[in-house]
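Below: the structure, in structure tokens.
The values are calculated or read from the model by the stated rules, or taken from the named source; none is laboratory data. The shown structure was predicted, so the numbers you read here are calculated from the model rather than taken from an experiment. Positions of Cβ are backbone-derived with ideal geometry, glycine not excepted, and every protein chain shown enters the neighbour counts.
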Amino acid sequence: MLLWEVGGQLATPAMAAADGAKPVPKPPAHVRCKNFGCNQYFDPTRPECTQCVHHKSPPVFHETAKYWACCPDRKAYDWDEFMKIPGCQRGVHSQEEPKKKFLGGCDIREENAPKRLDDDIPIDPRKKLDKLRAGLQLIGVEEGDFDRAWGRLAARHGDLGIVVNKLGEALTDALRTMQEEGVNTPD
């Protein structure tokens, strides 16, 4: 794609068409910057010589809206208007291709999809015991008391899966007893 010169500034062909500008050819040995929204040519041996104004995140094309993922408050519905949105970061030009070139509706929905609260619950009984210990410590239960309790259950039953189930039953019974005795009712 050729850039156009409009009043001493480089512009896209669509922006330049209105002003009747002439194309600016690509300088020899220069490459186009791959940072989102930059599109300037630069000397790859000296990328720091020119400033790169770009976006941190890829563009989003969702239904008719076009915007940069890092600047969701600046939406455009026309391509030329979208290309005029200024970059939000300044840095050095890059030749490295971005991993994701654009985002679409699926990406937006996936990003905002509800997350399961139990996704991080471990399957391994030992890890479940570690998480339970950490939670009980946060509410003031001594680590040694918890370790002795599950240690006795492990010695009796031999399987940590059974230990986890027994501790779950014991804690459920204790919470129900508290409810029946009115311990957790407001004053």
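Worth a mention:
- Scan of the range 76-97 for residues that are among the aliphatic types (A, V, I, L, M) and part of a loop (DSSP other than H, G, I, E, B), ordered by number: Ile85, Val92
- Count of residues meeting criterion [assigned to a loop (DSSP other than H, G, I, E, B) and at negative phi] in the range 26-53: 15
Here's the yes/no breakdown for (1) part of a helix (DSSP H, G or I); (2) over 39 Å from the mean Cα position of the chain (by Cα):
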| position | (1), (2) |
| --- | --- |
| Asp145 | yes, yes |
| Ala149 | yes, yes |
| Ala154 | yes, yes |
| Ile162 | yes, no |
| Leu167 | yes, no |
| Ala170 | yes, yes |
| Ala174 | yes, yes |
| Met178 | yes, yes |
| Val183 | no, yes |
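- Flag if Tyr77 is under 19 Å from Asn35 (Cβ atoms) and hydroxyl-bearing (Ser, Thr, Tyr): no
- Scanning the range 36-53 for residues that are within 15 Å of Ile85 (Cβ to Cβ) and either exposed (fewer than 14 other Cβ atoms within 10 Å of the Cβ) or out of contact with any Lys or Arg (no Cβ under 7 Å at 6 or more places or on another chain) (or both) gives Phe36, Gly37, Cys38.
- Remark: pairs (first residue in the range 96-111, of a type in the set (Phe, Trp, Tyr); second residue part of a strand (DSSP E or B) and at pLDDT 75 or above; Cβ separation under 9 Å; 6+ apart in sequence or on different chains) = Phe102/Pro59; Phe102/Val60; Phe102/Phe61.
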